[in-house]
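Chemist: After the structure tokens below, expect a handful of questions from me.
The values are calculated or read from the model by the stated rules, or taken from the named source; none is laboratory data. Values in this document were obtained by computation on a predicted structure and should not be read as measured data. Counting neighbours? That spans all protein chains shown, and the Cβs are built from the backbone with ideal geometry, glycine included. These accessible areas exclude ligands, DNA and RNA; they are computed on the full protein's heavy atoms, side chains included. Shrake-Rupley method; radii C 1.70, N 1.55, O 1.52, S 1.80 Å.
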Amino acid sequence: MKRETRLQHPPEVDIPADNRPLNLPIQQNVKWTLPTVEETQRMLRGERPGYFYSRMSNPGVRQLELALASLQGREDCVTAASGINAITQLLMALTRAGDHVVFFIEGYGPTRQFITGLLAGYGVSHTMLPIGDLEGLRSTLAAQPTKVVFFESPTTPAGKVADIAAITRLAHEHGALSVLDNTLAGFHQHGEFPVDLFVHSLTKFATGAGDVMGGAVIGDAAVIKTVRPTFQLLGAPIDPLAASLMMRGLKTYLLRYRAQSAAALEVAHFLEAHPACERVMHPGLGSHPQAALARAQMPDPGCVITFSVRAGAEAGRRFTDALQLFACTPSYGSTESLVMPPQLLQPRDLDAAQCAMSGLGEGTVRLSIGLEDPQDLCADLARALEAPGPG
Ligand SMILES: Cc1ncc(COP(=O)(O)O)c(C=O)c1O
């Protein structure tokens, strides 16, 4: 064999069948081959296992999907290149022109923008309600056939808690699918509710390192089977390297989530007692408007705290700039603490009345608590809250 040929057909390295690597090696590879055309056809018909093209499936990505499904207490999962990509592909898979979806004003901005913009452009109508308006949900569902009820709990950034059992029951009574964006609650919570599909941004808690992007839809095998072809067709898979980093990150996921939840509760108590703060929202606080519901649904209350700087938006900006241990940046769930000031938190697609309805005030700030010592974080917050104003 000439060198030119050898380079395209390198020597094969066999790993003995009884010599298993402990971590699945990264299969940074697109094309898979079987010995015969007939075996390839059998595999494509689902009559034997195997891989063909990594946009359709890849061993490391598949391992991630199965790991996420088992964490969430469901049978199957399909992944995508980002959280919003999982949401948009899912809604495209589930709806057709003439369908109707219900969603909530407090939800993640780009989801709202997709439903009111692109999806509406494809002929899918929508109703937007406040997350606590169960009566409004009931009458909306009674008034028109609805395909999907899409909701979040807790909502971000406002930190409201949805009544998952009630929303899901109403959706099912009216023949709609319930889809819960469970990103903030993590992969291990809410699985006991009969939600049809869970959606996650993997960009937050999967690694906690802020080094990869991804998204997932988790549900029973039958429903994932109906949406997976759309994901394969739209073609935005997770890269095998990202999947491998997420598998590595998931090994510490529960430890991180629980430690960050406990630290966030400690910081939330501190903020609640501070005279410069008001409306501190964290699902673990006794003062949360849905404290009992939050505790019953979500034993680990999460790492996000929303509160208002009493003196308003400008003071919120000064406070953010004065912080030393909190990075001013989007996202949450990372091992470093993060802050979003009022100026960056206010959604551009909502007017002032809608913002107020969604739970955002003029001075609302969002914190994501990381793995630093909570007392160091409280000292930093105290110093920044007392930072002198102009003059
Ligand atoms: C609740 C929620 N859903 C979806 C997303 C989108 O995830 P990604 O940034 O991975 O696209 C986010 C991101 O902040 C989010 O907070």
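Chemist: Looking at the chain, send over the antiparallel percent of its DSSP beta bridges, to the nearest 5.
Modeler: Once the DSSP bridges in the chain are tallied, antiparallel ones form about 55 percent.
Chemist: Using the crude model of +1 on Lys and Arg Cβ and -1 on Asp and Glu Cβ, and no other charge, please compute the dipole size for segment 58-250 relative to its Cα centre, in debye to 20.
Modeler: Charge dipole, segment 58-250, about its Cα centre: 280 debye, nearest 20.
Chemist: Hey, what's the chain come to in accessible area per residue, 1.4 Å probe, Å²?
Modeler: I get 47 Å² per residue for the chain.
Chemist: Test of understanding: in a Gaussian network model of the chain with alpha carbons linked when under 10 Å, which of Gly132, Gly107, Gly46 would top the mean-square fluctuation ranking?
Modeler: Of Gly132, Gly107, Gly46, the Gaussian network model singles out Gly46 as fluctuating most.
Chemist: Can I ask one more? With loop defined by DSSP as not H, G, I, E or B, and exposure as at most 16 other Cβ atoms within 10 Å, which is the longest segment of the chain clear of exposed chymotrypsin sites (Phe, Trp or Tyr not before Pro)?
Modeler: No qualifying site falls inside 123-391, the longest such stretch.
Chemist: Under 22 Å from the Cα of Lys160, which lysines turn up, not counting those fewer than eight places away in the same chain?
Modeler: Excluding near neighbours in sequence, the set is Lys204.
Chemist: Quick one: work out the % antiparallel among DSSP beta bridges in segment 291-391, nearest 5.
Modeler: 75
Chemist: Using 0.36 nm per residue of separation minus the Cα-Cα distance, give me the extension gain between Glu4 and Gln343 in nm, one decimal.
Modeler: Contour length minus Cα-Cα distance gives 116.2 nm.
Chemist: Moving on. On C-alpha positions alone, give me the angle between the axis of helix 164-173 and the longest principal axis of the chain, in degrees, nearest 10.
Modeler: The two axes meet at around 60 degrees.
Chemist: Give the relative contact order (percent, whole number) for the chain; include only Cα pairs under 8 Å separated by 6+ residues.
Modeler: 16
Chemist: Tell me, what is the 1.4 Å probe accessible area of Leu265, in Å² to the nearest 10?
Modeler: Probe radius 1.4 Å; accessible area of Leu265 about 50 Å².
Chemist: Sequence-distant or interchain residues sharing an amide H contact under 5 Å with Glu152, placed H: which?
Modeler: Those qualifying (amide H under 5 Å, at least 5 residues apart or on another chain) are Asp181.
Chemist: Another one. Quickly work out the Asp220-to-Ala356 label distance, labels modelled 7 Å from Cα along the C-beta direction, and quote it in nm with one decimal.
Modeler: So the two model labels end up 4.4 nm from each other.
Chemist: Under a cut-off of 25 Å between alpha-carbon atoms, report the lysines in cross-link reach of Lys225, not counting same-chain residues fewer than 8 places apart.
Modeler: Counting by Cα, and skipping residues close in sequence, Lys225 has these lysines nearby: Lys31, Lys147.
Chemist: With an 8 Å cut-off on Cα pairs and a minimum separation of 6 or more residues, tell me the relative contact order of segment 4-141 in percent.
Modeler: Worked out over segment 4-141, it gives 14 percent.
Chemist: Now for a different question. Where in the chain is the longest stretch that carries no trypsin sites (Lys or Arg not before Pro) classed as loop by DSSP and with at most 12 other Cβ atoms within 10 Å?
Modeler: 97-250
Chemist: Taking the chain as a Gaussian network, Cα atoms linked when under 10 Å apart, which of Gly316, Gly214, Gly117 shows the biggest mean-square fluctuation?
Modeler: For the chain, modelled as a Gaussian network with Cα springs under 10 Å, the answer is Gly117.
Chemist: Of the candidates Cys77, Cys303, Cys378, which one comes out as most mobile in a Gaussian network treatment of the chain with C-alpha springs shorter than 10 Å?
Modeler: Of Cys77, Cys303, Cys378, the most mobile in the Gaussian network model is Cys378.
Chemist: With θ taken as phi - 60° and the coefficients 6.51, -1.76 and 1.60, list the Karplus ³J(HN,Hα) couplings across segment 347-362 in order, rounded to whole Hz; mark glycine and proline as x.
Modeler: With the stated coefficients, segment 347-362 comes to x, 7, 8, 10, 7, 4, 5, 5, 4, 4, 4, 7, x, 9, x, 4 Hz.
Chemist: Using θ = phi - 60° and the Karplus relation 6.51 cos²θ - 1.76 cosθ + 1.60, list the HN-Hα couplings for segment 139-150 in order, rounded to whole Hz, with x at every Gly or Pro.
Modeler: Here the 3J(HN,Hα) series is 6, 5, 5, 6, 7, 8, x, 10, 7, 9, 10, 10 Hz.
Chemist: Now a separate question. How far apart, in nm, are the 7 Å Cα→Cβ label points at Asp373 and Arg42?
Modeler: 6.3
Chemist: Could you work out what % of the accessible surface of the chain is carbon and sulfur, using a 1.4 angstrom probe and leaving DNA, RNA and ligands out of the count?
Modeler: Percent of accessible area from carbon and sulfur atoms in the chain: 57.
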